[in-house]
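Contents: one structure, followed by commentary.
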Amino acid sequence: MRNKKSSNYALITGASSGIGLELARLFAADGIPLILVARRLDRLEILQTELSEQVDVKLFACDLSDTIARTQLLEHIAGQQLKIDYLINNAGCGQFGAIADNDWPATNDMLQLNMVATSHLCRSLLPAMKERAFGRILNVASTAAFQPGPGMAAYFASKAYVLSYSEALAYELKGCGVTATCLCPGATQTEFFSQAVMEDSGLVKDKQLPAAAHVALQGYQAMNQAKALTIHGFFNRLRIFSLRTAPRRMATAITAAILKK
Ligand SMILES: NC(=O)c1ccc[n+]([C@@H]2O[C@H](COP(=O)([O-])OP(=O)(O)OC[C@H]3O[C@@H](n4cnc5c(N)ncnc54)[C@H](OP(=O)(O)O)[C@@H]3O)[C@@H](O)[C@H]2O)c1
């Protein structure tokens, strides 16, 4: 599964746990140096210790929902003249609850992280990739992207944005040597559900969920094959295919019932 050999970096957001951490392991196994970004530096340091025998691993602690912190990350990359061949917009979070009851600052931070940070990093790092005529972008959306999600409305809508943005980006980049891939995981065994306080949701309670490593591998392979879209899991693909003909109101009601505690 070796990639184009390059000493340029892969920048992975949300590498301190879950899918992002597993993606970091895949890049390291292929000898690609890493810039790992997340808020929890202690977690990143543990991963750095694990992977630094294989590749150079740089860390940047950053709250990506914050425009100033994101700008500092981008300035650091430019200042150090770090070349990014792989941009992995994986960091994301969820918020469970009705729109009217949810804490607005938390909703705002989630929207900033899931949508604005992804767009900001793409926009900022793309020109140099295009100039070098090589680059791979992997944006992590979700199967949530394909229908409205009452009970997690803003999260579902944010992932619909990531899907739409990534597919359009893949089209815009055709033929320039840079590609964009959108990975849509279904429910996966990570810290996502505890962070969103939704362990009791019907989506996950008493369910056997796929491991983050499986999901990461599918995204990694799809990115290297320059696929525009990859949906993890046969049943997820089947469900999303069936949504094409289902009335939208019905899909919304079914999703609400699945998400309910
Ligand atoms: N697990 C699922 O069922 C599932 C399903 C579909 C899609 N996804 C998507 O998969 C992606 C990865 O999530 P995961 O499942 O691996 O969950 P996770 O284990 O909770 O990992 C989320 C990562 O994002 C980082 N992050 C969160 N807020 C951040 C912020 N403000 N600034 C910088 N980094 C931040 C976290 O690091 P710090 O806390 O250290 O900052 C962590 O490394 C997300 O985009 C998620 O929406 C997950």
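Eigenvalues of the alpha-carbon gyration tensor of segment 108-261, scaled by 5 and square-rooted, set the equivalent ellipsoid semi-axes at 28, 16, 16 angstrom, largest first. Rounded to two decimals, the Cα-based Rg/Rh of segment 1-66, with Kirkwood Rh, is 0.95.
Computed from the C-alpha gyration tensor, the three semi-axes of the ellipsoid equivalent to segment 45-107 are 31, 17, 10 Å, from longest to shortest. Remark: the S242-I258 segment gains 4.1 nm on full extension, using 0.36 nm per residue and subtracting the alpha carbon distance.
Note on the chain: lysine pairs with Cα distance below 21 Å, sequence gap of 8 or more or different chains, count 20. In summary, the convex hull built on the alpha carbon positions of the chain has an orientation-averaged projected area of 13.6 nm².
From most to least packed by mean Cβ count within 10 Å, the peptides 196-202, 30-36 give 30-36, 196-202.
Counting only DSSP beta bridges with both residues in the chain, the antiparallel share comes to about 0 percent. Per-peptide packing, taken as the mean over residues of other Cβ atoms within 10 Å, places 166-175, 183-192 in the sequence 183-192, 166-175 from highest down.
All of the numbers you see were taken from the coordinates with simple rules; none came from a lab. Worth saying up front: this structure is predicted, and the values here are computed from it rather than measured. For neighbour counting, all protein chains shown are included, and Cβ atoms are generated from backbone atoms with ideal geometry for every residue, glycine included.
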